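The values are calculated or read from the model by the stated rules, or taken from the named source; none is laboratory data. Here the structure is a predicted model, which means the values were calculated and not measured. Positions of Cβ are backbone-derived with ideal geometry, glycine not excepted, and every protein chain shown enters the neighbour counts. Ligands, DNA and RNA are stripped out before the accessible areas are found, and what is left, the full protein with its side chains, is counted by its heavy atoms. Shrake-Rupley method; radii C 1.70, N 1.55, O 1.52, S 1.80 Å.
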Amino acid sequence: MLKNKKWIGGGLAILTLAATLFAAAMPDAQPALAGQEQGYYGKTPKYVFYFIGDGMGMPQIDAAQIYKGALASTDSMHKESVNFASFPFQGMQSTHSANSFITESAAAGTALATGHKTNNDVLGVDPTKQIKFKTMAEMAKEKGMKVGIVSSVSIDHATPGAFYAHQPSRKNLYEIGVELANSGFDYFAGGGFLQPTGKKKDKQSVLEIAQQKGYKVVNDQQAIMNLRQKDGKVIAIQPELTADQALQYEIDRGGHLSLADFTRKGIELLDNPNGFFMMVEGGKIDWACHANDATTTIRDVTAFEDAIAEALAFYAKHPDETLIVVTGDHETGGMTIGFAGTEYKTAFKNLKNQTMSYEEFDKRIASYRAIVGEGGAALEDWLPVLADNFGLTALSEYEESRLRNALAVSAIEAKQRANDEHSKRLYGGYEPFSVTVTHILNQRAGIGWTTYAHTGVAIPVFAQGVGGERFQGYYDNTDVAKKMMGVMGLQFQQ
Ligand SMILES: [Zn+2]
């Protein structure tokens, strides 16, 4: 027995020596150790991009590809792939949270940023709300990388917040904003703050706190474009924001800055010898899907693709040092290609005629309601608008009656409307006339929706670059984070 022990002792010493020599022989050896423990033996990327399409599942991606094909060719079977669909490594991740098969963005974001499950609506802490989970962005910052967080929704929203905040509720918006100011990250860009001075507007402004922490706060388009590395830590906010402090939908954007603009500026400001980590969220894909508006969804998927194109342009210059990972946090709307009324047919060209989002259309309905009032609405007033802005002409009797009923409800002040089961299923709490218009237009294209909420289906993952091979297979959303940490040489915190 004793004899064996000595032998084992000797053997172990040799093994450790071999591992150290092996680690020493491999370039960037040290960081890989953490990765090794997580099964990664390759090079560590210097530049890491993490693109999260909120609410973006495979149906949203496929719809965007068929739509792009319909734009590019009269051939009804022409399809044009999105840039990330041709990434060499692809996988699938399951999205359930700690307490629901249908997650929401705080729990999913926490899993994707920290590798840990938590309950719905909880951000960056465990289900008991006692234990803080360290995010890969915080670890990257500690490791000396520069860190950027970009989103098309408010910068204190669930997904961006999941990378720097730790709150018992995603609704603690002021506290999330204060955590942003204290994060020490280098670049925050896109939307604004929902509660900059607290729920009761009685707190010190988070922007003031951020400035005291050395941030340059910029919300002028030209000033944002003129930002340079010498400006140091930056919070860049779109000058004109929509409701909820978000960027415009791509379909409504006009000359406002895009997600791609904020991504490109981020790359310029973050590039440095120690590398950077950048999380970019296409946040309004989710919102458009909640509202069951396919064209607006698709346009925001292509805006997300444009932001990824900025990372690909950078990748082309640094192919051996860059990792790009693209995924979603959950699917929203139960979107699918295939609808009862159109069976095997699709006609995505119908979507080309839509010129505005439901959000903009809602504004028109609101001003109409103010004029005509309850009982005064007439579909005839809207036929030219439906033709010009949605290409909706030649209405069938069925379509017409649905539009008339919905318009009559839209003419009633929201608070006065029926809230019965039938209305909930028909309109999902959205502007009845708007959602009926998008439903009819989407159904004509062959697109169906099952819900106004999220769904529990698995989500695709696309990876390109250093360590991309780690993202193949079917795994859990927490594994996406663990794989990224492994590749980045960061230590997953049990
Ligand atoms: Zn959502």
Along Cα→Cβ, 7 Å out, is where each label goes; now give me the distance between the ones at residue 211 and residue 230 in nm to one decimal. 2.2 nm
Mean projected area, convex hull of alpha-carbon positions in the chain, reported to one decimal in nm², is 28.1 nm²
Using a cut-off of under 11 Å, list every residue of the stretch 425-447 whose amide N is near the label point 7 Å from the Cα of residue 364 along the Cα-to-beta-carbon line. 434
Using a 1.4 Å probe on the protein chains only, how many percent of the accessible area of the chain belongs to carbon and sulfur? 55 percent
Scanning the chain for helices, which whole DSSP H stretches are 24 Å or more long along the axis (Cα) and average -1.0 or more by Kyte-Doolittle? 2-25, 294-317
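Between residue 130 and residue 318, what is 0.36 nm times their sequence separation minus the Cα-Cα distance? Round to one decimal in nm. Walk me through the intermediate numbers first.
On the way: separation 188, 0.36 × 188 = 67.68 nm, distance 4.10 nm.
Separation in residues times 0.36 nm, less the Cα-Cα distance, equals 63.6 nm.
Report the antiparallel proportion of the DSSP beta bridges in the chain as a percent, rounded to a multiple of 5. Intermediate values should be presented prior to the final figure.
Values: 17 of 52 bridges.
Bridges in the chain are about 35 percent antiparallel.
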With contacts defined as alpha carbon pairs under 8 Å and 6 or more residues apart, what's the relative contact order of the chain in percent? 27 percent
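Cα gyration tensor of the stretch 146-215, axes a ≥ b ≥ c as square roots of the eigenvalues: rounded (a/c below 1.5), prolate (a/b > b/c) or oblate?
Working: a/c = 1.56, a/b = 1.15, b/c = 1.36.
It is oblate, given that a/c is not under 1.5 and a/b is not larger than b/c.
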Report the calculated FRET efficiency for residue 415 and residue 268 (r = Cβ-Cβ distance, R0 = 35 Å), to the nearest 0.05. 0.15
Accessible surface, the stretch 339-448, averaged per residue in Å² (probe 1.4 Å): 53 Å²
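Largest first, how would 430, 249 line up by accessible area (1.4 Å probe)? Please report the intermediate quantities before stating the final value.
Numbers: 430 65, 249 0 Å².
Order by accessible area, largest first: 430, 249.
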Which entries of 265/349; 171/203; 43/482 show an alpha-carbon separation above 27 angstrom in the structure shown? 265/349
Chain lengthening between residue 244 and residue 342 when straightened (0.36 nm per residue, less Cα-Cα): 31.7 nm
In nm, give the distance between the simple-model label positions of residue 404 and residue 201, each being 7 Å from the Cα along the Cα-to-Cβ direction. 4.5 nm
Note down the nm distance, to one decimal, between modelled labels 7 Å out along Cα→Cβ at residue 74 and at residue 371. 3.8 nm
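Under a 1.4 angstrom probe, counting protein chains only, how are 156, 261, 320 ranked by accessible area, largest first? It would help to have the intermediate numbers written out before the result.
Numbers: 156 0, 261 30, 320 105 Å².
Reading off the accessible areas and sorting them downward yields 320, 261, 156.
Would you please put 452-458, 80-86, 185-191, 135-141 in order of how densely packed they are, using the mean number of other Cβ atoms within 10 angstrom per residue and starting with the highest? It would help to have the intermediate numbers written out before the result.
Values: 452-458: 18.6, 80-86: 16.6, 185-191: 26.9, 135-141: 24.3.
Order by mean packing, descending: 185-191, 135-141, 452-458, 80-86.
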List the residues whose amide H sits under 5 Å from the amide H of residue 119, counting only those 5 or more places along or on another chain, with H placed 1.01 Å from N in the peptide plane. 98
In whole Hz, with x marking every Gly and Pro, tabulate ³J(HN,Hα) for the stretch 240-250 from phi via Karplus 6.51 cos²θ - 1.76 cosθ + 1.60, θ = phi - 60°. 10, 10, 8, 4, 6, 6, 10, 5, 5, 4, 4
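Ignoring ligands, DNA and RNA, how do 92, 356 rank by accessible area with a 1.4 Å probe, largest first? Please report the intermediate quantities before stating the final value.
Numbers: 92 75, 356 15 Å².
Sorted by accessible area, descending: 92, 356.
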